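What follows is one structure encoded as structure tokens, with my remarks underneath.
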Amino acid sequence: MLDGEQGKATQKAMEILVALGTIYNAERMVPVTSVQIAGVSYDNLGEAGLHFLTEMAQGGGRARVLTTLNPAGMDIENRQNLGISPEFAEKQIQVIEAFARMDVITNCTCTPYLTGNEPEFGDHIAWAESSAVCYANSVIGARSNREGGPSALAAALTGRTPAYGMHLEENRQPHISVEVQAQLIENDDFGALGRVIGEQLQSMEGVSVPYIMGVKGATLEQLKSFSASLATYGGTALFHMEDLTPEASHYEPQDRVIAVSKADLSTAKSEMTDGDIASADFVSLGCPHLSIKEIARIAELLEGKQVIKEFWITTGRPTKQIADQLGYTETIEASGAKFAADTCCVVAPIKGRFNALVTDSAKACYYASGKNQFKTIIKPFDEVVYAAIGEEQA
Ligand code: F3S
């Protein structure tokens with residue numbers, strides 16, 4: 001591949017991986033079973049990114065393993081409804097077409113594990129979306145570094161990744177124990193916990209893998225919220241949660257312990273709330289992208305109601321299609337809420353378009369404020385829906 005015998009794009013891809021492996025002292029490459037590529041929104045890629053992708057597609061690059069995409073800058077089938085300009089849409093379609101030419105499956109979602117790209121325990125994979133990487137390493141027990149867009153594409157075109165970081169057993173050991181002394185009920189509790197732990201880890205040198213104790217139980221949806229938040233605020237790619245994640249039993253609690261109290265979670269939530277619901281003009285659920293169970297709950301709450309604020313429901317296209325079949329889409333759209341499949345409230349080009357966002361996601365708060373300059377309000381899942389229909393609490 002490196003000699004160019006398998007085409008220019010494959011050669012370029014292998015050059016990227018060799019350079020990366022050299023920087024991180026990898027001794028070998030490992031085969032990967034799955035790839036997920038981020039940097040799909042034209043809002044992030046720009047002209048230079050589009051040019052790179054077009055060149056790789058023209059150079060004969062073809063994915064050798066199951067490869068899916070992170071959210072794009074718009075709902076591919078519903079852009080007008082979300083107010084996306086035709087100029088942006090044209091560029092975004094060119095990005096998607098370049099990926100399609102490389103045999104990448106153009107489902108755009110940050111929860112690929114909910115829509116068919118689900119690795120198995122112990123699989124080496126190359127994923128780029130930070131929340132999905134944290135989920136895959138921790139909850140599934142697969143092995144992935146946090147890839148960038150180009151290195152994930154390079155892994156897709158070669159079927160390989162350099163063996164360093166999370167691919168090596170020795171780097172998966174916990175560095176610190178975290179004792180959670182609070183009851184966690186809602187997604188936003190898990191998001192707040194991710195923020196508190198993530199910020200603590202950021203302040204400690206060489207400490208990145210926590211062994212978390214005291215969490216009594218967690219749903220898939222709560223673990224996806226937690227993974228997103230921990231990755232956002234701590235740059236963390238792996239956690240172990242006692243009795244809940246598959247590798248936790250391989251390790252003992254660590255001598256060094258930090259505690260997280262109920263008060264810590266309340267403080268984190270108030271730090272993510274600088275707006276008020278009455279003046280908020282944007283509501284979004286689905287960061288990370290929603291499961292069908294979550295969409296079912298939204299449909300139940302919106303049945304016979306009308307929204308009074310712009311309300312985006314973000315999910316992967318295959319999940320949206322299940323919602324269509326089950327009648328949830330009809331109920332949700334009858335309320336005036338909008339599906340935003342393939343995209344999300346962070347990667348869509350909506351900077352400055354709204355005043356304040358109501359969400360249940362700690363990660364969405366971070367980027368809505370930092371990237372899109374919205375005020376934010378974090379609430380439990382159901383209360384976010386009530387905010388959209390103008391009811392404080394049912
Ligand atoms: Fe996914 Fe967008 Fe959130 S990519 S994790 S919904 S910021």
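The values are calculated or read from the model by the stated rules, or taken from the named source; none is laboratory data. Owing to the predicted nature of the structure, the values given are computational and were not obtained by experimental measurement. Because the Cβ atoms are built from the backbone with ideal geometry, glycine has one as well, and the counts that use them run over all protein chains shown. These area figures cover heavy atoms from the full protein model, side chains too; ligands, DNA and RNA do not enter into them. Shrake-Rupley method; radii C 1.70, N 1.55, O 1.52, S 1.80 Å.
Laid out as a table, the results:
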quantity: Residues of the stretch 185-238 satisfying the condition of being open to solvent by less than 10 Å² (accessible area, probe 1.4 Å), within 16 Å of the ligand (Cβ to nearest atom) and in contact with a Gly (Cβ under 8 Å, 6 or more places away or on another chain); calculated: Gly194, Gly198, Phe226, Ser227, Ala228, Ser229, Leu230, Ala231, Thr236
quantity: Residue identified as in contact (Cβ under 8 Å) with a residue 12 or more places away in the chain and either out of contact with any helix residue (DSSP H, G or I) (no Cβ under 7 Å at 6 or more places or on another chain) or more than 29 Å from Lys351 (Cα to Cα) (or both) among Ser270, Ser291, Ser284, Ser261; calculated: Ser261
quantity: Any hit, the stretch 108-121, residues being open to solvent by 30 Å² or more (accessible area, probe 1.4 Å), away from the ligand (no atom under 16 Å from the Cβ) and within 15 Å of the chain's Cα centre (by Cα); calculated: yes
quantity: Filter result (hydrophobic (A, V, I, L, M, F, W, C) and surrounded by fewer than 16 Cβ atoms within 10 Å (Cβ to Cβ)) within the stretch 245-257; calculated: Val257
quantity: Matching option when the condition is small (Gly, Ala, Ser), touching a residue at least 12 places away in the same chain (Cβ under 8 Å), part of a loop (DSSP other than H, G, I, E, B) and open to solvent by less than 20 Å² (accessible area, probe 1.4 Å), among Ala72, Ala9, Ala57; calculated: Ala72
quantity: Enumeration of residues in the stretch 359-376 that are surrounded by 19 or more Cβ atoms within 10 Å (Cβ to Cβ), of a type in the set (S, T, N, Q), more than 9 Å from the ligand (Cβ to nearest atom) and part of a loop (DSSP other than H, G, I, E, B); calculated: Asn372
quantity: Residue that is farthest from the ligand (Cβ to nearest atom), among those in the stretch 320-357 that are open to solvent by 10 Å² or more (accessible area, probe 1.4 Å) and in contact (Cβ under 8 Å) with a residue 40 or more places away in the chain; calculated: Asn355
quantity: Count of residues meeting criterion [within 15 Å of the ligand (Cβ to nearest atom) and open to solvent by 10 Å² or more (accessible area, probe 1.4 Å)] in the stretch 134-146; calculated: 3
quantity: The stretch 284-300, subset under 12 Å from Lys320 (Cα atoms) and part of a helix (DSSP H, G or I), residue farthest from the ligand (Cβ to nearest atom); calculated: Ala296
quantity: Among (1) open to solvent by 20 Å² or more (accessible area, probe 1.4 Å); (2) in contact (Cβ under 8 Å) with a residue 40 or more places away in the chain; (3) among the small types (Gly, Ala, Ser), the one test that Ala182 misses; calculated: (1)
quantity: Residue that is least open to solvent (accessible area, probe 1.4 Å), among those in the stretch 75-106 that are farther than 22 Å from Thr319 by Cβ and among the polar types (S, T, N, Q); calculated: Ser85
quantity: Val196 outside any loop (DSSP other than H, G, I, E, B) and in contact with a Ser or Thr (Cβ under 9 Å, 6 or more places away or on another chain); calculated: yes
quantity: The stretch 32-54: number of residues that are hydroxyl-bearing (Ser, Thr, Tyr) and open to solvent by less than 30 Å² (accessible area, probe 1.4 Å); calculated: 2
quantity: Pick from the stretch 122-133, criterion within 10 Å of the ligand (Cβ to nearest atom) and assigned to a helix (DSSP H, G or I), ranking: nearest to Cys287 (Cα to Cα); calculated: Ser131
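Each row is one residue, and each column tells you yes or no for (1) touching a residue at least 12 places away in the same chain (Cβ under 8 Å); (2) closer than 25 Å to Gly116 by Cβ; (3) over 17 Å from the mean Cα position of the chain (by Cα).
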residue	(1), (2), (3)
Ala152	yes, yes, no
Thr158	yes, yes, yes
Met166	yes, yes, yes
Phe190	yes, yes, no
Ile197	yes, no, yes
Lys216	yes, no, yes
Gly235	yes, no, no
Arg256	yes, no, yes
